[in-house]
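Presented below is the structure to which this report refers.
Every number here is computed from the coordinates shown, using simple stated rules; none is lab data. Since we're looking at a predicted model, the values are computed, not measured. Because the Cβ atoms are built from the backbone with ideal geometry, glycine has one as well, and the counts that use them run over all protein chains shown.
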Amino acid sequence: MTPLTSGTASALSGRLRAPGDKSVSHRALILGALAVGRTRVSGLLEGEDVLRTAAAMGALGAGIERNGEGRWTIDGIGLGGLTEPQDVLDLGNSGTGARLLMGLVASHPITTFLTGDASLRRRPMARVAAPLERIGARIIARDGVRMPLAVIGASSPLPIAYRLPVASAQVKSAVLLAGLNAPGETSVIEPQPTRDHSERMLRHFGAAVSITEEPDGARRITLKGQPELKAADLAVPGDPSSAAFPAVAALLLPGSQVVIEGVGVNPLRTGLYDTLAAMGAEIHFGNARVAAGEPVADLTLRAGALSGVEVPAERAPRMIDEYPILAVAAAFARGRTVMHGLGELRVKESDRLGAIAQGLAACGVSVEVAGDTLAVDGEGGPPPGGATIATKLDHRIAMAFLVLGMAARRPVRIDDGDTIATSFPGFVAAMNGLGAAIAPAQP
């Protein structure tokens, strides 16, 4: 464990590039491994979560090689070519990697054992297991369908039409990945749109994916099974969830101006930026372009006053990972910010909803949790700070409270900064390069 202290910083200035998008990086490794030929990937996130997926795909038979910072080659084995791994696949802290891999192996006639760290072993997998068992896989797991678990893949997988009980990009993607090796058409019906990186990347590698609207307004995503996926080079955009931390820091520290280059601005991922704009934030999107089917832009952020807003529940799927840093922004805003529909935060790397509320309260912020709603009362200026935050193995809690410490009246300490490498390797150096004051905590 590496405790860190974030002290009050001067104005932030400069440019940085956000690390590669975590969601896109996982999918690039998985689909590149299923494609025929060699795929070259640039900008791949080299955090621990993605490296665990890379190791897992290697164990399943793909050729995975690092060629330099963020540059990787993947020699695919073709759809249906997975080999049974000789050892347990350890996904560390990665819920995305675990759930996507469960879907991938479910339609292959192999047995795969998966586990993770203490945090991942507490996270529920039943919502993924249910549709995979309908496809024909068997899932053997601990009580509550938690890791460690075994996936006994179907020898004759069945295409299914599955309506998600709760909007979840991970469950949707797991079903689509399983449907790749099933005959016919596999469909997922989602009540609310969730991030569509899987659909975009499946098309990038040559799969046929269609999207239609149901009579009740839900979206039906249909995949034609058993396509021939072909190798296709791609550049991974910067992760908007990781960019959120320097972005909010720049908005909170008076006099700051920061440019974050190459950020993915997929409209199903930009809920935070829409919310910040509604709060009065000055955010400019420039140099718009498209990379591997994903929209990308450079973000320029200037500090300014923020006001509290109401954040509707239907926006949650577009910003589910950004609520910790939005709550920090709300602590500096004038007035009350109310965030609805946060039940999913209870089953993230930690109970994020509880961790956010506890951390803010410890820093002198008025906060209230009622069911799946979080309300934060800001006073239009820096909160007291001065607390030590238990990060609970959660990288986003760690980064959010380091940002709070940059602009609070007193420094904020976190008990463990090691977990930040999960999604943002080099976070401390990047922030200090802009003018932050993050350092190892004194004993």
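Tabulated results
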{"read-out": "Relative intensity, log₁₀ I(q)/I(0), of the stretch 124-227 from a Debye sum that treats every alpha carbon as a point, q = 0.18, 0.21, 0.22, 0.23 Å⁻¹", "value": "-0.85, -1.10, -1.18, -1.25"}
{"read-out": "On Cα atoms only, tilt of 352-362 relative to the major axis of the chain in degrees", "value": "10"}
{"read-out": "Principal-axis tilt of helix 395-407 within the chain, Cα atoms, nearest 10 degrees", "value": "20"}
{"read-out": "Radius of gyration, Dmax [the chain; alpha carbons; angstrom]", "value": "21.2, 62"}
{"read-out": "Rg followed by Dmax, in Å, when the stretch 322-443 is reduced to its Cα trace", "value": "13.6, 40"}
{"read-out": "Residue-count net charge about residue 286 - beta-carbon cut-off 15 Å; Lys, Arg +1, Asp, Glu -1", "value": "+1"}
{"read-out": "Between helix 95-106 and the chain: long-axis angle, C-alpha atoms, 0 to 90°, nearest 10", "value": "10"}
{"read-out": "Gain upon complete extension [residue 155, residue 347; 0.36 nm per residue less C-alpha separation]", "value": "65.9 nm"}
{"read-out": "About the Cα centre, charge dipole magnitude for the chain (Lys/Arg +1, Asp/Glu -1 at Cβ), debye", "value": "100"}
{"read-out": "Charge dipole (debye, nearest 20) of the stretch 249-319; +1 at Cβ of Lys and Arg, -1 at Cβ of Asp and Glu", "value": "40"}
{"read-out": "Sequence of 229, 360 once ranked by neighbouring C-beta atoms within 10 Å, starting from the fewest", "value": "229, 360"}
{"read-out": "The chain, helix-only ellipticity at 222 nm - DSSP H runs n ≥ 4, -39,500 (n - 2.57), divided by all residues, nearest 500", "value": "-9000 deg cm²/dmol"}
{"read-out": "Residue of 287, 93, 432 that the Gaussian network model of the chain assigns the largest fluctuation, springs spanning Cα pairs under 10 Å", "value": "287"}
{"read-out": "Given the chain, longest segment not containing exposed loop GluC sites (Glu not before Pro) (DSSP; at most 14 other Cβ within 10 Å)", "value": "229-443"}
{"read-out": "Gyration tensor (alpha-carbon) shape descriptor, the stretch 228-342, a/c threshold 1.5", "value": "oblate"}
{"read-out": "The chain: relative contact order in percent, alpha carbon pairs under 8 Å with at least 6 residues between", "value": "20"}
{"read-out": "Among 250, 329, 370, residue whose mean-square fluctuation peaks in a GNM of the chain (springs only between Cα atoms under 10 Å)", "value": "370"}
{"read-out": "Cα gyration tensor category, rounded, prolate or oblate, for the stretch 22-224 with a/c compared to 1.5", "value": "rounded"}
{"read-out": "Prolate/oblate/rounded label for the stretch 293-365 (Cα gyration tensor, a/c 1.5)", "value": "oblate"}
{"read-out": "Simple spin-label estimate for residue 415 and residue 87 in nanometres, 7 Å along Cα-Cβ", "value": "3.0"}
{"read-out": "Likely footprinting exposure, 323, 162, fewest C-beta neighbours within 10 Å first", "value": "162, 323"}
{"read-out": "Charge dipole magnitude, Cβ of K and R +1, D and E -1 - the stretch 296-425, Cα centre, debye nearest 20", "value": "340"}
